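Worksheet: the structure to be examined is printed underneath.
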Amino acid sequence: MKKTILLFTLSLVLINCKTAVKKEKTIGLVTQKAMVVSAREEASKIGTDILKKGGNAFDAMVATELALAVAFPYAGNIGGGGFMVYRKNDGEIGALDYREKAPLASSKDMFLDTDRNVIKGKSTFGSMAVGIPGTVAGVFEAHRKFGTLPMEEILQPVIELAKRGVIVTKKQEKRIQNFQSGFLKVNKDSILFNKNWKENDTIKYNALAATLTRIQKNGSDEFYKGETAEKLVSFIQANGGIMTLEDLAKYKAKWRTPITFNYDDLRIISMSPPSSGGICLAQIMNAIEPYDLDKFGHNSTKAIQVITEAERRAYADRSFFLGDPDFVKIPLKTLISKEYIAGRMNDFSFDKATKSEDVSHGSIKMTESDETTHYSIVDQFGNAISATTTINAGYGSKLYSSELGFFLNNEMDDFSSKTGVPNMFGLIGAKANEIAPEKRMLSSMTPTIVEKNGQLFMVVGTPGGSTIITSVLQTILNVHEYKMSMKEAVNASRFHHQWLPDNIKMEPDGFSTEIKTNLKNLGYNLDETNSPVIGKVAAILVLPNGKLEGGADKRGDDAAVGF
Ligand code: GLY
């Protein structure tokens, strides 16, 4: 009897312990059929409304992308460019490149002084930093090929949003304040964003509404050949830039073949060059696949080690081999082959950190931010879109056309201004990514779609400059290896290594002292100061019951909306 009571008590304790240890999953928004996740609720809602009207994911892409240009001027844009990866409900996949291009008058050494030193700020601030924008061409091309609703109908709610205005969030208030000196430095006159905007104020975007209304009426040609093109070129040239009407008229978005590879039972579909995203993701995932990451545990010393070492090697390859495939030959098949990657990992040991090559470079501050924005869409027909769009830095070049109502990108900084000299993300480039007229600058954007057993499983992407690739990686691993919900996977603490500088960037307070001490003892340099936020993921997971779970990153004002 006593024994029975003891056993009964023990099992109660065990059950209680188990309950205490087993954490309930925190789940994001779950919907039945369709979802849009983006950096602003207004944009996710406009995209979802287009789906509710019967539009497909490509229609919703146009609406979401342009709504972000209104509601999230920090990174959403018509003055920048991006990449989109799609998977249709019949399994067809593809990728659209609407990346900016270097102007015809650009040249390899355009950012160097007479002593061949990089001129500080020339590739990041003002008119010379601006690449030929691709966003308008991109959304019109996606719509031309796959859209179903009339463009006029898709643009209408976006124009109405611009006229009605968008409420300033706390995070936006801070961002606008932080960038005041840049706005004042670059622009001749004060701009809309020089006002002391506060949380809950409403900013009306009337100039942008007028530009979008002309685009609604005249199509993509309005931006590349019409009144908007003329105004844009006069504005840029008046500010000392080199963009011409010919540059705009020649711009075309391009369909590309996405990078595909397998990881366990997943098939990953990601962006091909001129983005480095898909290749680097493939290299890293192929390198870590043989290791028991799930057994090591999420963000454990061993997991961080093996991922870091794979990242180090992938980013070293990125720097040397990758550039615009229309200009340079990339040994793509080799770079992502399992044999090549296995060879690259041969010298990795759990006993101590590998050291990155000692390349001379300045100390890199990432405080300026690494802004880009990502949205993920799954429509009610089962089509999926993963799209990342950018003006590069927060508010791009800071050059804002008050007449047209938008910021211009500073994407020219994504080229390698000089071999071995890091760009604003600390990325080192070489010949493959040197500047040439009409060339596309290398990107890290990694819009990605994941299949499991041949079915749509996840749509994922993020902003974050050089940290985009590693944030996408960790989000996929969090779901696949660590069985997190989409929301948990997106919100979990992240780290990042990019070969040079030779340190692991870690989100502050995201890692235990024990793990950090272990890593330091193994010879890893840790950097928590430069990385308050790594990525801002927008993702959708298809649950086993076919419903959709949204992952809208807690690091931003991101929101999932669906039905
Ligand atoms: N502008 C950031 C990137 O394309 O990687």
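Right, Thr462: within 25 Å of Ile93 (Cβ to Cβ), surrounded by 24 or more Cβ atoms within 10 Å (Cβ to Cβ) and within 16 Å of the ligand (Cβ to nearest atom) or not?
Working: within 25 Å of Ile93 (Cβ to Cβ): yes; surrounded by 24 or more Cβ atoms within 10 Å (Cβ to Cβ): yes; within 16 Å of the ligand (Cβ to nearest atom): yes.
Yes: the conditions hold for Thr462.
Do we have Ile46 as closer than 17 Å to Phe381 by Cα and either within 15 Å of the chain's Cα centre (by Cα) or of a type outside the set (Ser, Thr, Tyr) (or both) here?
Details: closer than 17 Å to Phe381 by Cα: no; either within 15 Å of the chain's Cα centre (by Cα) or of a type outside the set (Ser, Thr, Tyr) (or both): yes.
No; evaluated as a whole, the condition is false for this residue.
I'd like to know if region 375-386 contains one or more residues that are within 16 Å of the ligand (Cβ to nearest atom) and modelled with pLDDT of 95 or more. Outline the logic, then answer.
Going through region 375-386, the residues within 16 Å of the ligand (Cβ to nearest atom) turn out to be 375, 386.
Pick out the ones that are also modelled with pLDDT of 95 or more and you get 375, 386.
Yes: one or more hits.
Being basic (Lys, Arg) and touching a Phe, Trp or Tyr at 6+ places or on another chain (Cβ under 9 Å) narrows it down to one of Lys452, Lys505, Lys536, Lys520, so name that one.
Values: Lys452 fails: touching a Phe, Trp or Tyr at 6+ places or on another chain (Cβ under 9 Å); Lys536 fails: touching a Phe, Trp or Tyr at 6+ places or on another chain (Cβ under 9 Å); Lys520 fails: touching a Phe, Trp or Tyr at 6+ places or on another chain (Cβ under 9 Å).
Criteria check complete, one pass: Lys505.
What do you reckon, is Asn218 of a type in the set (S, T, N, Q) and either modelled with pLDDT under 95 or surrounded by 13 or more Cβ atoms within 10 Å (Cβ to Cβ) (or both)? Give the steps one after another, and end with the answer.
Details: of a type in the set (S, T, N, Q): yes; either modelled with pLDDT under 95 or surrounded by 13 or more Cβ atoms within 10 Å (Cβ to Cβ) (or both): yes.
Spelling it out, Asn218 is indeed of a type in the set (S, T, N, Q) and either modelled with pLDDT under 95 or surrounded by 13 or more Cβ atoms within 10 Å (Cβ to Cβ) (or both).
Among the listed residues Phe457, Phe495, which satisfies the condition of being of a type in the set (Phe, Trp, Tyr), more than 19 Å from the chain's Cα centre (by Cα) and under 22 Å from Ile288 (Cβ atoms)?
Working: Phe495 fails: more than 19 Å from the chain's Cα centre (by Cα).
Going through Phe457, Phe495 in turn, just one is of a type in the set (Phe, Trp, Tyr), more than 19 Å from the chain's Cα centre (by Cα) and under 22 Å from Ile288 (Cβ atoms): Phe457.
Those residues that are within 26 Å of Ser444 (Cβ to Cβ) and of a type in the set (Lys, Arg), I need them from region 505-554; list them, please.
Lys505, Lys516, Lys536, Lys554
Is it the case that region 314-323 has a residue that's assigned to a loop (DSSP other than H, G, I, E, B), in contact with an Asp or Glu (Cβ under 7 Å, 6 or more places away or on another chain) and crowded, with 22+ Cβ neighbours inside 10 Å?
Taking region 314-323 and keeping what is assigned to a loop (DSSP other than H, G, I, E, B), we get 322-323.
If we keep only those that are in contact with an Asp or Glu (Cβ under 7 Å, 6 or more places away or on another chain) as well, we get none.
No, the conditions are met nowhere in region 314-323.
Answer with yes or no whether Ser416 is buried (at least 24 other Cβ atoms within 10 Å of the Cβ), of a type in the set (Gly, Ala, Ser), closer than 26 Å to Arg494 by Cα and within 14 Å of the ligand (Cβ to nearest atom).
Values: buried (at least 24 other Cβ atoms within 10 Å of the Cβ): yes; of a type in the set (Gly, Ala, Ser): yes; closer than 26 Å to Arg494 by Cα: no; within 14 Å of the ligand (Cβ to nearest atom): yes.
No, not satisfied.
In region 326-342, is there at least one residue being closer than 30 Å to Lys516 by Cα, crowded, with 16+ Cβ neighbours inside 10 Å and either among the basic types (Lys, Arg) or touching a residue at least 24 places away in the same chain (Cβ under 8 Å) (or both)?
If we filter region 326-342 for residues that are closer than 30 Å to Lys516 by Cα, which is where we start, we get 341-342.
If we keep only those that are crowded, with 16+ Cβ neighbours inside 10 Å too, we end up with 341.
Narrowing the set further to residues that are either among the basic types (Lys, Arg) or touching a residue at least 24 places away in the same chain (Cβ under 8 Å) (or both) leaves 341.
Yes; the residues of region 326-342 include at least one that is closer than 30 Å to Lys516 by Cα, crowded, with 16+ Cβ neighbours inside 10 Å and either among the basic types (Lys, Arg) or touching a residue at least 24 places away in the same chain (Cβ under 8 Å) (or both).
Are there any pairs, at least 6 apart or on different chains, whose C-beta atoms fall under 8 Å, with the first in region 436-458 and touching a residue at least 12 places away in the same chain (Cβ under 8 Å) and acidic (Asp, Glu) and the second within 16 Å of the ligand (Cβ to nearest atom) and assigned to a loop (DSSP other than H, G, I, E, B), and if so, which?
Taking only residues 6 or more apart or on different chains, the pairs are Glu438/Ala102.
Conditions tested, residue by residue: (1) touching a helix residue (DSSP H, G or I) at 6+ places or on another chain (Cβ under 6 Å); (2) surrounded by fewer than 17 Cβ atoms within 10 Å (Cβ to Cβ).
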| site | (1), (2) |
| --- | --- |
| Gly79 | no, no |
| Arg87 | no, no |
| Gly91 | no, yes |
| Ser106 | no, no |
| Asp109 | no, yes |
| Ser123 | yes, no |
| Phe140 | yes, no |
| Glu152 | yes, yes |
| Asn178 | no, yes |
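Please pick out the residue among Leu456, Leu526 that is away from the ligand (no atom under 16 Å from the Cβ), farther than 27 Å from Glu92 by Cα and hydrophobic (A, V, I, L, M, F, W, C). Don't jump to the end; show me each part of the working.
Numbers: Leu456 fails: farther than 27 Å from Glu92 by Cα.
The unique qualifying residue is Leu526.
Condition (residue is free of Cβ contacts under 8 Å to residues at least 12 places away in the same chain, surrounded by 14 or more Cβ atoms within 10 Å (Cβ to Cβ) and more than 19 Å from Ile46 (Cβ to Cβ)) applied to region 520-529: is it met by at least one residue?
No: region 520-529 contains no residue that is free of Cβ contacts under 8 Å to residues at least 12 places away in the same chain, surrounded by 14 or more Cβ atoms within 10 Å (Cβ to Cβ) and more than 19 Å from Ile46 (Cβ to Cβ).
What do you reckon, is Ala310 surrounded by fewer than 24 Cβ atoms within 10 Å (Cβ to Cβ), assigned to a helix (DSSP H, G or I) and away from the ligand (no atom under 16 Å from the Cβ)?
On the way: surrounded by fewer than 24 Cβ atoms within 10 Å (Cβ to Cβ): no; assigned to a helix (DSSP H, G or I): yes; away from the ligand (no atom under 16 Å from the Cβ): yes.
So Ala310 fails the test.
For residues in region 465-486 being within 16 Å of the ligand (Cβ to nearest atom) and farther than 18 Å from Arg99 by Cα, which is surrounded by the most Cβ atoms within 10 Å (Cβ to Cβ)? Break it down stepwise before answering.
Here is the first cut: in region 465-486, the residues within 16 Å of the ligand (Cβ to nearest atom) are 465-473.
Those still in the list that are farther than 18 Å from Arg99 by Cα too: 467, 470-473.
Working: Thr467: 26, Thr470: 30, Ser471: 26, Val472: 34, Leu473: 26.
It comes out as Val472.
Considering only residues that are within 13 Å of Gly147 (Cβ to Cβ) and among the basic types (Lys, Arg), which ones fall in region 30-81?
The answer is Lys53, and nothing else.
For Glu173, all conditions in the list (1) under 23 Å from Ala436 (Cβ atoms); (2) surrounded by 13 or more Cβ atoms within 10 Å (Cβ to Cβ); (3) among the charged types (D, E, K, R) hold save one; what is the number of the exception?
All conditions pass for Glu173, except number (1).
Give the residues of region 429-453 that are over 19 Å from the mean Cα position of the chain (by Cα) and either away from the ligand (no atom under 13 Å from the Cβ) or of a type in the set (Lys, Arg) (or both), sorted by residue number.
Residues satisfying the conditions are Ala430, Lys431, Ala432, Glu434, Ile435, Ala436, Pro437, Glu438, Lys439, Glu451, Lys452, Asn453.
Does region 325-342 contain at least one residue that is over 19 Å from Phe495 (Cα atoms), assigned to a loop (DSSP other than H, G, I, E, B), modelled with pLDDT of 95 or more and within 16 Å of the ligand (Cβ to nearest atom)?
Yes, that holds for at least one residue.
Residues are listed down the side, and each one gets a yes or a no for (1) basic (Lys, Arg); (2) at pLDDT below 95; (3) surrounded by 15 or more Cβ atoms within 10 Å (Cβ to Cβ):
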| residue | (1), (2), (3) |
| --- | --- |
| Lys3 | yes, yes, no |
| Leu6 | no, yes, no |
| Leu12 | no, yes, no |
| Thr19 | no, yes, no |
| Glu24 | no, yes, no |
| Gly28 | no, no, yes |
| Val37 | no, no, yes |
| Gly55 | no, no, yes |
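What are the pairs, 6+ residues apart or on separate chains, where a residue within region 406-427 that is at positive phi and part of a loop (DSSP other than H, G, I, E, B) has its Cβ under 7 Å from a residue that is among the β-branched types (Val, Ile, Thr) and more than 11 Å from the ligand (Cβ to nearest atom)?
Gly420/Val359; Gly420/Ile428; Gly426/Ile364
May I ask you to verify whether Phe425 is surrounded by fewer than 24 Cβ atoms within 10 Å (Cβ to Cβ) and within 16 Å of the ligand (Cβ to nearest atom)? Step through it out loud before you land on a result.
Numbers: surrounded by fewer than 24 Cβ atoms within 10 Å (Cβ to Cβ): yes; within 16 Å of the ligand (Cβ to nearest atom): yes.
It is true that Phe425 is surrounded by fewer than 24 Cβ atoms within 10 Å (Cβ to Cβ) and within 16 Å of the ligand (Cβ to nearest atom).
Any idea which residue in region 275-296 is farthest from the ligand (Cβ to nearest atom), counting only those that are crowded, with 24+ Cβ neighbours inside 10 Å and of a type outside the set (A, V, I, L, M, F, W, C)?
Asn286
The values are calculated or read from the model by the stated rules, or taken from the named source; none is laboratory data. A quick note: this is a predicted structure, and the numbers were derived from the prediction, not measured. Don't worry about glycine lacking a Cβ; one is built from the backbone with ideal geometry, like all the others, and counts go over all protein chains shown.
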